[in-house]
1. Applying 1/(1 + (r/R0)^6) with R0 = 22 Å to the Cβ-Cβ distance of Asp126 and Glu95, what FRET efficiency is obtained, to the nearest 0.05?
2. Mind listing P(r) for the stretch 38-216? All alpha-carbon pairs, 5 Å bins, whole percents.
3. Show me 68-77, 89-98 ranked by packing, highest mean number of other Cβ atoms within 10 Å first.
4. For a quick check: sort Glu49, Glu136 by the number of other beta carbons within 10 angstrom, fewest at the front.
5. Cβ under 10 Å from Leu173's Cβ, Leu173 left aside: what net charge do those residues give with Lys, Arg +1 and Asp, Glu -1?
6. Which residues in the stretch 174-196 place their backbone N less than 13 Å from a point set 7 Å from the Cα of Tyr106 along the Cα-to-Cβ direction?
7. How high is the FRET efficiency between Asp167 and Thr87 when r is their beta carbon distance and R₀ equals 35 Å, given to the nearest 0.05?
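Since every read-out is calculated from the coordinates, none of them should be taken as a lab result. Bear in mind that the values here come from a model prediction, so they are computed numbers and not experimental data. Note that we place each Cβ from the backbone using ideal geometry, even for glycine, and neighbour counts take in every protein chain shown.
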Amino acid sequence: MKTPKLPFLFIFFFSILSCTDKKEPVESNPLPETDSTAYETPDKTLSFEESPVMQDWLNFYRQENPGMGMADFELEKTQKLETIPGTVNGNFDPEFDTVYEPFLVYNPSKTLYIDLDSYHWSLDKDGNALFEADQEINLINLNNQTVERIGFYGPSYRVEDAFWLTDSVFVLLEKSDGDEAGFRLFNLQENTVTDYVNTQPLKTGEQSYHDFRLSKKGVEILP
């Protein structure tokens with residue numbers, strides 16, 4: 001299958017339901033360093049690298065990997081979006097724990113948000129984060145007041161952050177416990193999800209971006 005060239009077309013994706021402890025490549029297509037990846041709307045072309053979240057993530061890992069860039073990421077697979085009901089509370093629910101509110105990732109119109117954290121960690125009596133082995137990623141629709149699981153990760157993978165390109169297109173930034181980084185691009189209108197993986201071995205320091213993101217907002221991470 002021939003892959004459309006970027007940035008004029010981009011195949012979007014949505015993958016989930018199974019633990020992503022290991023990924024099997026389907027096909028490979030490097031992203032160009034110039035122009036990066038982009039999603040075209042009628043009035044604007046939105047680039048991944050315009051996102052402050054993407055810049056923060058790349059810059060964090062560039063401390064140990066100076067040459068890391070968008071050209072290092074290759075298409076791994078594209079598949080149809082599948083969802084199941086999520087197990088966390090939406091922030092419209094009286095049982096929602098407001099400690100997670102600063103970490104919710106809203107789309108531009110504030111009609112949807114991504115919850116990376118409610119399932120994954122809680123705070124002990126001293127305010128330290130206690131982590132579950134697994135991580136459930138949920139998409140919450142505030143208009144319909146629904147919670148849908150869009151991803152489930154085993155102990156060896158984590159979603160470290162997320163950002164929206166449009167009201168219906170968003171990106172999850174991933175890292176394994178080993179030397180692999182990647183991202184997933186979700187298109188809710190197309191009902192698709194596409195995975196991209198870093199082809200270069202990733203050198204990491206003592207702290208992950210995942211823990212850095214939490215600590216920036218006051219969450220204590222035990223050594």
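1. Details: r = 23 Å, r/R0 = 1.05.
Efficiency for this residue pair is about 0.45.
2. All Cα pairs, binned at 5 Å, distribute as 1, 7, 16, 22, 20, 17, 11, 5, 1, 0 percent.
3. Going by the mean number of other Cβ atoms within 10 Å, highest first, we get 68-77, 89-98.
4. Working: Glu49 14, Glu136 21.
Listed from fewest to most nearby Cβ atoms, that is Glu49, Glu136.
5. 0
6. What the label zone holds, given the 13 Å backbone N cut-off, is no residue at all.
7. Numbers: r = 25 Å, r/R0 = 0.72.
It comes out at approximately 0.90.
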